[in-house]
Structure formats: structure tokens, C-alpha cells
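What follows is a single structure, written as C-alpha cells, with notes after it.
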Amino acid sequence: METTLMNRAACAATLISLGICPGLTNAQSNEDLAKKLSNPIASLISVPFQFNYDHGYGPDDGDKATLNIQPVIPFAINEDWNVISRTILPVTWQNDIAGPSGTQFGLGDITQSFFFSPSKPTESGIIWGAGPVFLIPTATHELLGTGKWGAGPTAVVLKQDGPWTFGMLGNHIWSFAGQSDRPDVSSTFLQPFVSYTTKDAWTFSLNTESTYNWEANDWSVPINFTVAKLITVDKQPISLTAGIRYWAEAPKNGPNGLGFRVALTFLFPK
């Protein structure tokens, strides 16, 4: 019996190496790629299109829908260091978010981060990166952005242990230029996260994307739970994500209650 099992295992290994069992290799590859997606500074080009919907803004319970286009592009500086570019470009539709303020649609402000990260984890398995973050006033309407240029530090630290990924990403942005009649920006962003990836490339994630506005002295704390599945369509790896969020804390003018998130991410592994 033992000899038969060993022979079957050897046969399976031979078939995989010859590419005759692509389903097995794809399953393993998809699991690895799904775990890399849980790492904000993985050496992997990805282009997420993330759609968020929230409501309850202002006295008229306004609505807001945002499509975040978030390309992540790593560059190798040398054998020991990488720099990872992370861009967030929001495209927003909103209605009555500040009382009877009407409807706006267009671009928001770009947030651009650069993380300098060692190419290998530490001996204890810690992955980290740090660098600058920039706020670029690209909003096409005053209610869609800050009207300010900003900059500050950003950092991320995480560990991947088997199917688990857990860590923290954060930044702080101060404004230094822009429209003089607009409020200054002094904002801290904190994103603790934990995720679990299965053998068949399902990922279950829990995080908060908390922001503290030091000018207004208030918190925005959405708690997000998402489920993602990595699939391959005509050799193109794609991650499909859906989930809900609960606003545990928000400024006086909202949002509140429940919102939702769906995302489509294209992956371009080396």
C-alpha cells in the first residue's frame, strides 16, 4: 500500500513538472498570488478597481459612491531593496453630502505613496517598508477634494504565517501649499489588517481604514469585512472582492450605518 501511494505521488509530480496537470499548478499559483495581494508591498504589479458606497452624509442623508483606481508597481533598486509605488485615484459621484449641496461627479485628490522595502523578510519573518506620501490636489470640484498640496511619512509592517497575514499600514499628511481659503490638512491614517487565505485562493479579510483629522479633532472609523476569490481568465489572474463596512465612528456630518465594497483587481506576476 505504501509503495503504491509513493508511486502515485511520484507520477503526479512527474505530470506536474511536464505541465500535464495544469489545474494543480494553477491552484498553487493562485494561492500564492492571493497571499501576495494581502501584502501591500509585495513584489507584484496589481491594478485594483475598488468601488465603495456609503450614505448618511449631512442632514439630508446624502450618498457617496467612489471608484478608487489603485495601481501598485514595484521597482527593484538593487538585489537588497525595492521601492513600491502605490497610487490612489478616486473617481466620485456624490449627492447632498453637505445638506442640499446637489450632485457632483469627477476626480478627487490623488494620494501617492512610495515604500522603500528590503527585498527579503527579516529573520523573524517581518516584512516592512517606509517612505513618503503625497497629496496631490487633482479634484475637479471643491466638494471632491481639499484644494491643498500635502506630504508626510508612510510606513507598513506585516507578517505572513501560513495562511494568515496581519499587520498595520499608516501615514500622516500635512498640507504645505494650495488654496489659501481652504482648511489646512493634518490627517493621520491607520489601517490595521488581518486576512486568511485558503488553499483554493479564497481570502477573508478584516481591517479598519481609520482617519483622524487633527484640524477638526474627529475620527472616521469604517470597519471592513471582505471576501475575495482569485481566478484565472485566459491566463490573466484576476481577484474578485465583495464585502460590507460598518461606520463605528464618523464626523458629525456622516457617513453612518452600513456601506459596501466590491473590487476587481488585475494581477501581473513576473
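Tabulated data for the structure shown
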{"item": "Hey, residue 169 under 22 Å from residue 87 (Cα atoms), without any contact (Cβ under 8 Å) to a residue 24 or more places away in the chain and not small (Gly, Ala, Ser) or not", "result": "no"}
{"item": "Exclusive hit being over 15 Å from residue 52 (Cβ atoms), of a type outside the set (Ser, Thr, Tyr) and out of contact with any Cys (no Cβ under 8 Å at 6 or more places or on another chain), set 222, 255, 251", "result": "251"}
{"item": "Residue 94 vs. criteria closer than 19 Å to residue 261 by Cα, part of a strand (DSSP E or B) and either in contact with a helix residue (DSSP H, G or I) (Cβ under 9 Å, 6 or more places away or on another chain) or among the basic types (Lys, Arg) (or both)", "result": "yes"}
{"item": "Residue, nearest to residue 81 (Cα to Cα), within the stretch 97-126, restricted to residues that are open to solvent by 40 Å² or more (accessible area, probe 1.4 Å) and in a loop (DSSP other than H, G, I, E, B)", "result": "119"}
{"item": "Residue match in the stretch 185-203 (condition: without any contact (Cβ under 8 Å) to a residue 24 or more places away in the chain, hydrophobic (A, V, I, L, M, F, W, C), farther than 18 Å from residue 171 by Cα and in a strand (DSSP E or B))", "result": "no"}
{"item": "Positions within the stretch 227-248 being farther than 30 Å from residue 75 by Cα, in contact with a Phe, Trp or Tyr (Cβ under 8 Å, 6 or more places away or on another chain) and exposed (fewer than 15 other Cβ atoms within 10 Å of the Cβ), in sequence order", "result": "244"}
{"item": "Per-region count, the stretch 41-80, residues touching a residue at least 60 places away in the same chain (Cβ under 8 Å), open to solvent by less than 20 Å² (accessible area, probe 1.4 Å) and assigned to a loop (DSSP other than H, G, I, E, B)", "result": "3"}
{"item": "Within the stretch 205-263, strands (runs of 3 or more DSSP E) holding 2 or more residues that are closer than 21 Å to residue 39 by Cβ", "result": "218-233, 236-249"}
{"item": "Lone unmet requirement of (1) part of a strand (DSSP E or B); (2) under 19 Å from residue 211 (Cβ atoms) for residue 129", "result": "(2)"}
{"item": "Filter result for residue 184 (out of contact with any helix residue (DSSP H, G or I) (no Cβ under 8 Å at 6 or more places or on another chain), among the charged types (D, E, K, R), open to solvent by 50 Å² or more (accessible area, probe 1.4 Å) and under 19 Å from residue 34 (Cβ atoms))", "result": "no"}
{"item": "Selected residue (criterion: most open to solvent (accessible area, probe 1.4 Å)) from residues of the stretch 81-96 that are over 15 Å from the mean Cα position of the chain (by Cα) and under 30 Å from residue 119 (Cβ atoms)", "result": "81"}
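A quick yes/no check of all residues on (1) within 17 Å of the chain's Cα centre (by Cα); (2) hydrophobic (A, V, I, L, M, F, W, C); (3) crowded, with 16+ Cβ neighbours inside 10 Å:
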{"residue": "142", "(1), (2), (3)": "no, no, no"}
{"residue": "145", "(1), (2), (3)": "no, no, yes"}
{"residue": "148", "(1), (2), (3)": "no, no, yes"}
{"residue": "160", "(1), (2), (3)": "yes, no, yes"}
{"residue": "164", "(1), (2), (3)": "yes, yes, no"}
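The values are calculated or read from the model by the stated rules, or taken from the named source; none is laboratory data. All values reported here derive from a predicted model rather than from experimental measurement. Virtual Cβ from ideal backbone geometry, glycine too; neighbours counted across all protein chains shown. With ligands, DNA and RNA removed, areas are computed over all heavy atoms of the protein, side chains included. Shrake-Rupley method; radii C 1.70, N 1.55, O 1.52, S 1.80 Å.
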